[in-house]
Amino acid sequence: MFRIEAEVDKERRDLLRSRLRDTNTAASPVLAALRGTPAAREVPLHVWALDEYGDLAGGLVGHTWATWLHVTYLWVDERHRGAGLGSRLLARAERTARDKRDCRAARLETWDFQAPHFYRRHGYEVAGVIPDYPPGITEYTLTKRLT
């Protein structure tokens, strides 16, 4: 007999994630080879830009794992857009991932109304497209070689 629950439970989420990671690692020779190395750990990578008053002007939140940088969020305050801040944040994250964490590639997701053209200008290529996610919007997955 199973009991199905629908609640937020951080401890169970972390346990499930750990068990899934172990299962995936056992099934993948590449992931198994990384076990015990720094690349095997998911490590946060954050880059922040503060204005002259110390307020958040922009930032990038992501992580590195298995020789990849995954950009989760990149945002620049409207007052600072068009001045190259987003480019500098992205370049700093890529440089850190490549030079300090031995990452060979980067990936991210963006919607059609956000920044697919921005990322293409920075060398990213479309790896996947999901139309109508959410309805009326197209989501893009983009990747870039960092080496």
Quick one: what pairs do we get from the stretch 8-21, first residue closer than 20 Å to Ala32 by Cβ, second among the acidic types (Asp, Glu), C-beta under 9 Å, 6+ apart or different chains? Arg21/Glu42
Consider Arg120 carefully, then state whether it is among the charged types (D, E, K, R), closer than 30 Å to Gly36 by Cβ, at pLDDT 95 or above and surrounded by 14 or more Cβ atoms within 10 Å (Cβ to Cβ). no
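Considering each of Leu90, Leu20, Leu15 in turn, give the residue that is in a helix (DSSP H, G or I) and surrounded by fewer than 11 Cβ atoms within 10 Å (Cβ to Cβ).
When all the criteria are applied, what remains is Leu20.
Please verify whether the stretch 45-59 includes one or more residues that are aromatic (Phe, Trp, Tyr), assigned to a loop (DSSP other than H, G, I, E, B), more than 27 Å from Arg21 (Cα to Cα) and over 15 Å from the mean Cα position of the chain (by Cα).
yes
Considering every residue within the stretch 99-115, establish whether at least one is assigned to a helix (DSSP H, G or I) and loosely packed, with under 14 Cβ neighbours inside 10 Å.
Yes, the stretch 99-115 contains a residue that is assigned to a helix (DSSP H, G or I) and loosely packed, with under 14 Cβ neighbours inside 10 Å.
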Within the stretch 29-44, is even one residue touching a residue at least 60 places away in the same chain (Cβ under 8 Å), farther than 21 Å from Gly123 by Cβ, exposed (fewer than 14 other Cβ atoms within 10 Å of the Cβ) and not charged (D, E, K, R)? yes
Does the stretch 108-118 contain at least one residue that is under 23 Å from Gly84 (Cβ atoms) and without any contact (Cβ under 8 Å) to a residue 24 or more places away in the chain? yes
Residue check, Leu69 at pLDDT 95 or above, part of a strand (DSSP E or B) and buried (at least 17 other Cβ atoms within 10 Å of the Cβ): yes
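The values are calculated or read from the model by the stated rules, or taken from the named source; none is laboratory data. All figures in this text were calculated on a predicted structure; none of them were measured in a lab. Virtual Cβ from ideal backbone geometry, glycine too; neighbours counted across all protein chains shown.
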